[in-house]
1. Scan 56, 10, 37, 49 and give me the residue that is more than 29 Å from residue 130 (Cβ to Cβ) and touching a strand residue (DSSP E or B) at 6+ places or on another chain (Cβ under 6 Å).
2. For the condition surrounded by 14 or more Cβ atoms within 10 Å (Cβ to Cβ), closer than 26 Å to residue 6 by Cβ and modelled with pLDDT under 95, what is the one hit in 84, 134?
3. Within segment 98-113, can you find the residues that are in contact (Cβ under 8 Å) with a residue 60 or more places away in the chain and either within 11 Å of residue 38 (Cβ to Cβ) or crowded, with 21+ Cβ neighbours inside 10 Å (or both)?
4. Could you list, in sequence order, the residues of segment 38-81 that are surrounded by 15 or more Cβ atoms within 10 Å (Cβ to Cβ), over 24 Å from residue 118 (Cβ atoms) and in contact (Cβ under 8 Å) with a residue 24 or more places away in the chain?
5. Do the conditions hold for residue 138, that is, is it within 23 Å of residue 16 (Cβ to Cβ) and either in a helix (DSSP H, G or I) or out of contact with any strand residue (DSSP E or B) (no Cβ under 7 Å at 6 or more places or on another chain) (or both)?
6. So which of 60, 25 is modelled with pLDDT under 95 and more than 23 Å from residue 102 (Cβ to Cβ)?
7. Going by what's in this entry, would residue 25 be described as within 19 Å of the chain's Cα centre (by Cα) and surrounded by 12 or more Cβ atoms within 10 Å (Cβ to Cβ)?
């Protein structure tokens, strides 16, 4: 009997937390977990693996929105840090940021439009913004909208 994606991801989440507790380093699976979590929480469709520019699509009123998905995970008491590099050279309409804590439970999902992302990243004065195409989680929240809150 083959295992499902849900079962495998449940094991990956446990191993990632255990690995971090032992080594103090992330296992490098946060992005994949974030993509699956966004699809589950919001009903979006994951794109084929390694699609240039976007990770998922959302079909609405005959329009297909292309979504780049980023994920951040933290243990309780830590800060969120920075959003990983956003590839603005490729095709996408929005970026979703999936914030997870503890055993990779989704706390919030934020979404920002392409034009707001590019405008922010192109502002002069920050090497992290301009060259690495990265911003802090709080900065992302300031230009985005909360699209999924945790309940309960």
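1. 37
2. Testing whether each residue is surrounded by 14 or more Cβ atoms within 10 Å (Cβ to Cβ), closer than 26 Å to residue 6 by Cβ and modelled with pLDDT under 95 leaves just 84.
3. Matches in segment 98-113: 98, 100, 104, 106, 109.
4. Within segment 38-81, 41, 73, 74 qualify.
5. no
6. Matching residue, one of 60, 25: 60.
7. no
The values are calculated or read from the model by the stated rules, or taken from the named source; none is laboratory data. Bear in mind the structure is a predicted one, so any value in this text is a computation, not a measurement. Every residue, glycine among them, receives a Cβ derived from its backbone with ideal geometry; neighbour counts consider all protein chains shown.
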